[in-house]
1. Specify whether the C-alpha gyration tensor of the stretch 26-177 places it in the rounded, prolate or oblate class, a ≥ b ≥ c being the square roots of the eigenvalues: rounded for a/c under 1.5, otherwise prolate if a/b is larger than b/c and oblate if not.
2. Once you keep just the Cα pairs under 8 angstrom separated by 6 or more residues, what percentage relative contact order results for the chain?
3. Output the relative contact order of the stretch 317-407, whole-number percent, from Cα pairs under 8 angstrom with separation of 6+ residues.
4. Using a probe radius of 1.4 Å on heavy atoms only, what accessible surface per residue do you get for the chain? Whole Å² is fine.
5. Report the net charge of residues surrounding PHE415, where surrounding means a beta-carbon distance below 12 angstrom and charges are Lys +1, Arg +1, Asp -1, Glu -1.
6. Count charges around ALA178 for me, please; just the other residues with Cβ under 12 Å from its Cβ, Lys/Arg as +1, Asp/Glu as -1.
7. Which sequence of TYR98, TYR135 reflects their accessible areas, 1.4 Å probe, from the largest down?
8. Charges on Cβ only, +1 for Lys and Arg, -1 for Asp and Glu, centred on the Cα centroid of the stretch 358-463; of THR361, ALA392, LEU379, which one is farthest towards the dipole's positive end?
Amino acid sequence: MNGAFIAVVDLGTTGVRCAVFDERAQLVASAYREIGLTFPSPGWVEQDPAEMVASTAAVFREALGHGSVPAGEIMVVGVTNQRETVVAWDRGSGKAVYPAIVWQDRRTADRCSELKAAGEEDWVRARTGLPLDPYFSATKLTWLFGHVPGLREKAERGDVLVGTVDSWLLWNLAGVHATDPTNASRTLLYDIHTGAWDDELLDLFGVPRSCLPEVRPSVSAFGSTRADLLGVERPVAGVLGDQQAALFGHAAFEPGETKVTWGTGAFLLMNTGGTIVQSRHGLLATAAYAVPDGGVRYALEGAVFVAGAAVQWLRDGLGVISDAAETEALAQGISSTDGVYFVPALTGLGAPHWDPNARGTIVGLTRGTGRAHLARAALEAIAYQTHDLVRAMEADAGLTLPELRVDGGAAGNAFLCQFQADILGISVVRPEMVETTSLGAALAAGLSAGIWPDLAAVRALPRSLTRFSPQETPYRSQLLDGWRCAVDRARGWTASHGSHRAPPLDRGPSPS
């Protein structure tokens with residue numbers, strides 16, 4: 001195997017992948033490991049930062065070994081990552097001072113509500129493109145500074161550094177404290193108009209500037225890898241948050257081009273070019289990518305917190321299935337859910353509702369409900385949530401999408417793709433490689449390293465696509481009405497009912 005290869009580290013929510021691509025952007029090797037999540041309290045979601053780094057190093061070495069790619073032929077390394085998750089670490093030792101607080105974490109919902117009640121949301125949204133929600137990084141950092149003794153003082157001195165997962169990886173891979181606009185724009189601390197950390201936002205959330213990373217263009221050089229960690233010293237160039245990487249992987253470089261990624265969550269992004277579109281329908285304005293001397297390109301985004309994770313919950317939480325791949329045959333084996341709806345608000349509802357007090361709900365159960373109904377309801381929930389995002393985005397953009405590009409692990413499910421086409425009434429287009437996030441990071445890294453001269457050359461790369469055309473669905477309106485009713489049942493649950501944690505049972509005296 002000869003030529004220049006691109007290695008990509010793709011650190012997601014449930015696992016890390018190393019994917020190796022050739023100069024035609026074809027996948028030649030890959031390795032993957034799951035990363036654990038912990039849930040220490042209701043609504044809390046954490047990960048071990050050290051496990052992130054150790055697993056990254058392991059899959060990098062495995063991918064090169066499995067694909068027989070000589071380390072010396074890796075030309076450049078790209079990075080893509082789960083967004084909004086925050087890590088704080090000691091500059092001297094390089095060790096994290098607290099578990100990573102994951103983007104799904106809801107522990108700061110009350111703080112967000114307080115800021116909204118104080119009238120802070122409108123100006124924050126105007127400056128950042130984001131609502132006040134615990135999904136984003138800033139209130140997570142506020143919580144850390146308020147709960148880890150001495151952390152604020154150390155951060156003010158620069159002895160403790162903070163950042164999103166890309167910054168944590170870059171520090172460990174290349175020894176630099178940096179990020180890019182796609183990740184910075186998810187923190188509530190970054191002014192998307194000026195392209196810089198904002199002093200008023202830093203004051204609002206109590207985050208010292210001295211602990212934050214430098215913001216560099218997405219398509220640029222970030223340093224070189226440590227040979228002792230990965231076994232090879234190579235340039236790190238090209239850093240994108242995972243959803244923007246997926247948009248890049250579809251070569252969606254023109255305004256109006258749109259994709260949805262079905263991974264842990266569901267994320268719909270539309271390229272809006274050089275224009276920042278402030279949503280009127282619960283969506284987000286965010287950075288899409290940035291190139292040196294070319295400025296920032298923006299996107300309109302709809303974010304759903306739980307999509308593929310609902311299937312994972314059926315597997316790991318309930319034991320309804322043993323493998324996610326079973327859901328396709330189960331769903332196709334019945335004609336409908338028989339009125340069962342699953343609203344997977346397991347960590348609240350994201351766009352377009354933004355309700356951190358919503359909780360997961362399954363309605364319409366009968367004695368005849370079986371595991372096939374639950375599996376199909378989970379898949380349909382992904383499509384219903386995507387439908388809501390698409391309609392909100394069309395209203396904001398003033399257009400009707402001619403088709404929807406899909407990617408992510410769940411995009412391999414043919415039932416889901418066809419149901420999505422039917423419920424939207426437009427074609428769903430799936431690339432041969434559904435792991436488009438890794439591909440996008442590879443394209444950004446290859447552009448940074450000069451493997452491809454410009455975006456036009458990337459867009460000209462050959463792609464194989466599968467198209468799912470919509471079929472007539474006479475009950476579409478009834479299905480969507482049922483979904484809306486189910487969502488109404490899930491909304492505001494903890495606000496009106498509390499957590500409903502039962503006291504421990506009194507089992508009487510222990511036997512002697």
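1. On the way: a/c = 2.14, a/b = 1.83, b/c = 1.17.
It comes out prolate by the Cα gyration axes.
2. Computed value for the chain: 14 percent relative contact order.
3. Across the stretch 317-407, relative contact order equals 30 percent.
4. For the chain, the per-residue accessible area is 38 Å².
5. Working: positive: ARG376; negative: GLU326, GLU328, GLU380, ASP422.
Every neighbour counted, the sum reads -3.
6. Taking every other residue near ALA178 into account, the sum is -2.
7. Ranked from most to least accessible, the order is TYR98, TYR135.
8. About the Cα centre, the residue reaching furthest to the positive side is THR361.
The values are calculated or read from the model by the stated rules, or taken from the named source; none is laboratory data. Note that the coordinates shown come from a computational prediction; the quantities given were computed from them, not determined experimentally. Every residue, glycine among them, receives a Cβ derived from its backbone with ideal geometry; neighbour counts consider all protein chains shown. To get the accessible areas, we keep the full protein, side chains included, count just its heavy atoms, and leave off ligands, DNA and RNA. Shrake-Rupley method; radii C 1.70, N 1.55, O 1.52, S 1.80 Å.
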